[in-house]
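Worksheet for the structure shown next.
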Amino acid sequence: MHKLLLLLSCWLIASGSICQAPPAAFSDTPTITVTSVGKARLGMSEVQLKTLYVGCSFAPVHLLPFGFDDTDQKPNGIAVSHNKQRLFIYFLDWQTKKRIAGLLAFHPAYKTASGVHAGSTASALKAAVPKVQVVPNMMLPAFQIAFAGPIGNNGIEYIFYKQNDLGKYEVADEPVLLTGSNAKIAWLQIRTNP
């Protein structure tokens, strides 16, 4: 009987059923503010950002799939990933190309002070930000943007992609209160005023 228990214990340890390594800790500061995603901040240089994210991969991406005008032949954004998981995308100021002008947060570990993150539902967003409004993207109808406060101001935008209408739109580009509930946020973004 003792040998059987010993064999079973060894098998459980070898198979990982008993001693599994804990999941890797999130590699960044897990917060989103109106000026930052993790350690990345609006206005910082690309060199500063890259020194903060040593060990991450940086891959050029076009921004058109994320609702931005991106008609140049070469990509205007950079995707930052860690262990093959996308953390965020950043883009530089359109004119000088020297400072970070926008950040799009994809990893669900990044959360606002009220706990909203990529993957949160519209009902969770409404509970966290009661006066949240939504407006469709007129150029790319698959996108709907939710936000609090006046449109175009600096702030956190919550992006819904390929979801049913999230508001009772009467005028196509007029913001309305968010009424949807089950739709999920695809990513959160912050950016400087154009």
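Laboratory data are not the source of any read-out in this text; all were calculated from the coordinates shown. In this text, all values refer to a predicted model and were calculated from it rather than measured experimentally. With ideal geometry, Cβ positions are generated from the backbone for all residues, glycine too; neighbour counts draw on all protein chains shown.
Observations on the model:
- Taking only the Cα atoms of the stretch 45-126, the ratio Rg/Rh comes out at 1.00, with Rh defined as the Kirkwood radius.
- Paired Rg and Dmax values of the stretch 121-176, which use every Cα atom, in angstrom: 10.6, 29
- Normalised Debye scattering of the stretch 59-101 at q = 0.17 Å⁻¹ gives log10 I(q)/I(0) of -0.47, counting only Cα atoms as equal scatterers and leaving out solvent.
- Protection-proxy order for peptides 157-169, 178-190, 98-110, each taking the mean of Cβ atoms within 10 Å per residue, highest first: 98-110, 178-190, 157-169
- Isotropic mean projected area of the C-alpha convex hull, the stretch 36-191 (nm²): 9.2 nm²
- Placing +1 on the Cβ of every Lys and Arg and -1 on the Cβ of every Asp and Glu, with nothing else charged, gives the stretch 36-191 a dipole about its Cα centre of roughly 660 debye.
- Under 23 Å from the Cα of residue 126 - lysines, other chains or at least 8 residues apart: 111, 162, 168, 184
- Counted charge near residue 177, where neighbours are those whose Cβ lies closer than 15 Å (Asp, Glu -1; Lys, Arg +1): 0
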